[in-house]
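Have a look at the structure below before the remarks.
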Amino acid sequence: MRVQRRLDLPAAPPGELAAGGGAGRRAAARAGELTVPGVVAVIGAAGRTGRHVVRLAHAAGYAVRGLVRTAEQAQAVQALGAVPVYGDLKVEWEAVLDGADAVVWCAGTGRDSTSTEIGRDALIAVARRLMARGPRRLLVVSSKSADHPERVHPALGDALRAKAVSDAFVRGSGLEWTIVRPGGLTDEPGTGQVTVGMDLPGGKIAREDVAAVLVACLEDPRTVGQQFEVLGGEQAIAAALACLSAR
């Protein structure tokens, strides 16, 4: 994904970006009128991990579009720097992808069977749409236990099996995908220090650090086609990702 750092420009009216202003701004950039970052669509933007993604991506210079369902969610993600786009994973969600260069999926699946199926099927639907019309870059927050639901509480089993199915679809999609599988999520402040790898021992990680990993992956093409687990640790995120992509 092409990334350019942002100039300090007057904010565009929300309606302009929601109607595809990101594409218009990139066209202006190609004409030499201004420099803008890539446009990132965040699905699950109003969630506890998603809000960190919105804030950190905006701080890193990206234009961010966040899928929301309610006015309260819209206000929250707008305060963090995103253009809120109304939609619902059960019905309408495609508008959030307008003008996007990359998509970050951090929507939760829930524990009941209906929510689990919606989450699984919605991610597959998003991937299908990206396969047909782009953008090609897709980052997914999954779970460390997605392939081993027997290792966790039975109440989480259906949700984890659903994640395994949608993850497998993404891996076979031909998209420029990255799947991040965190351990137990906490709401503690992030440290910027992580451990990445495969089949890591049990552990936890702050949601803020998961979000920081996702934003770092946006800027690191070596993470394309990578699935990895992440826990809180002692290595800076950029260094941890560099070690991962060198394997």
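The values are calculated or read from the model by the stated rules, or taken from the named source; none is laboratory data. Small disclaimer: the values here were computed from a predicted structure and weren't measured. Glycine also receives a Cβ, built like all others from the backbone with ideal geometry; neighbour counts cover every protein chain displayed.
For segment 89-106, what are the residues that are modelled with pLDDT under 90 and among the aliphatic types (A, V, I, L, M)? Show your work before the answer.
Of all residues in segment 89-106, those modelled with pLDDT under 90 come to 89-92.
Listed by number, the residues that qualify are L89, V91.
Can you tell me which of (1) assigned to a strand (DSSP E or B); (2) charged (D, E, K, R); (3) over 17 Å from V39 (Cβ atoms) is the one K90 doesn't meet?
Answer for K90: the failing condition is (1).
So is A168 without any contact (Cβ under 8 Å) to a residue 24 or more places away in the chain and among the aliphatic types (A, V, I, L, M) or not?
Spelling it out, A168 is indeed without any contact (Cβ under 8 Å) to a residue 24 or more places away in the chain and among the aliphatic types (A, V, I, L, M).
Could you tell me whether A155 is farther than 20 Å from V103 by Cα, among the hydrophobic types (A, V, I, L, M, F, W, C) and either modelled with pLDDT under 90 or surrounded by 19 or more Cβ atoms within 10 Å (Cβ to Cβ) (or both)?
Values: farther than 20 Å from V103 by Cα: yes; among the hydrophobic types (A, V, I, L, M, F, W, C): yes; either modelled with pLDDT under 90 or surrounded by 19 or more Cβ atoms within 10 Å (Cβ to Cβ) (or both): yes.
Answer is yes for this residue.
Report every pair of residues separated by at least 6 positions or lying on different chains whose Cβ atoms are under 6 Å apart, first residue within segment 181-209 and within 20 Å of L80 (Cβ to Cβ), second assigned to a helix (DSSP H, G or I) and of a type outside the set (A, V, I, L, M, F, W, C).
If the second residue must be assigned to a helix (DSSP H, G or I) and of a type outside the set (A, V, I, L, M, F, W, C), the pairs left are L185/R207; G190/E208; G190/D209; R207/R48; R207/T49; R207/H52; E208/H52.
What are the residues in segment 203-224 that are among the β-branched types (V, I, T) and under 14 Å from K144 (Cβ atoms), if any?
Residues of segment 203-224 among the β-branched types (V, I, T): 205, 210, 213, 215, 223-224.
Scanning segment 203-224 gives I205, V210, V213.
Check segment 207-230 and report whether any residue there is farther than 23 Å from R137 by Cβ and among the small types (G, A, S). Break it down into steps so the answer makes sense when it comes.
Taking segment 207-230 first, the residues farther than 23 Å from R137 by Cβ are none.
Checked against the condition, which is being farther than 23 Å from R137 by Cβ and among the small types (G, A, S), segment 207-230 yields no hits at all.
Across segment 16-63, what is the total count of residues that are assigned to a loop (DSSP other than H, G, I, E, B), small (G, A, S) and at pLDDT 50 or above?
7
Starting from residues that are farther than 15 Å from V54 by Cα and touching a strand residue (DSSP E or B) at 6+ places or on another chain (Cβ under 9 Å), keep the ones in segment 72-96 and report whichever is surrounded by the most Cβ atoms within 10 Å (Cβ to Cβ).
Checked segment 72-96; the qualifying residue surrounded by the most Cβ atoms within 10 Å (Cβ to Cβ) is W93.
Would you please name the residue that is farthest from V53 (Cα to Cα), looking only at residues in segment 183-229 that are of a type in the set (G, A, S) and surrounded by 18 or more Cβ atoms within 10 Å (Cβ to Cβ)? Walk me through how you get there before you give the answer.
Going through segment 183-229, the residues of a type in the set (G, A, S) turn out to be 183-184, 190, 192, 197, 202-203, 206, 211-212, 216, 225.
From what's left, surrounded by 18 or more Cβ atoms within 10 Å (Cβ to Cβ): 183, 190, 206, 211-212, 216.
Values: G183: 17, G190: 12, A206: 12, A211: 5, A212: 7, A216: 11 Å.
Per the stated criteria, the residue is G183.
Residues V64, V126, V85, V91: which one is within 22 Å of A212 (Cβ to Cβ) and either free of Cβ contacts under 8 Å to residues at least 12 places away in the same chain or not charged (D, E, K, R) (or both)? Explain how you work it out, then say what you get.
On the way: V126 fails: within 22 Å of A212 (Cβ to Cβ); V85 fails: within 22 Å of A212 (Cβ to Cβ); V91 fails: within 22 Å of A212 (Cβ to Cβ).
Residue meeting the stated conditions: V64.
For residues that are assigned to a loop (DSSP other than H, G, I, E, B) and of a type outside the set (D, E, K, R), scanning just segment 136-152, find the one that is modelled with the highest pLDDT. Walk me through it before giving the result.
Initial filter on segment 136-152 (assigned to a loop (DSSP other than H, G, I, E, B)): 136, 142-148, 152.
Within this subset, residues satisfying the condition of being of a type outside the set (D, E, K, R) are 142-143, 145-146, 148, 152.
Details: S142: 90, S143: 82, S145: 64, A146: 66, H148: 66, V152: 62.
By that ranking, first place goes to S142.
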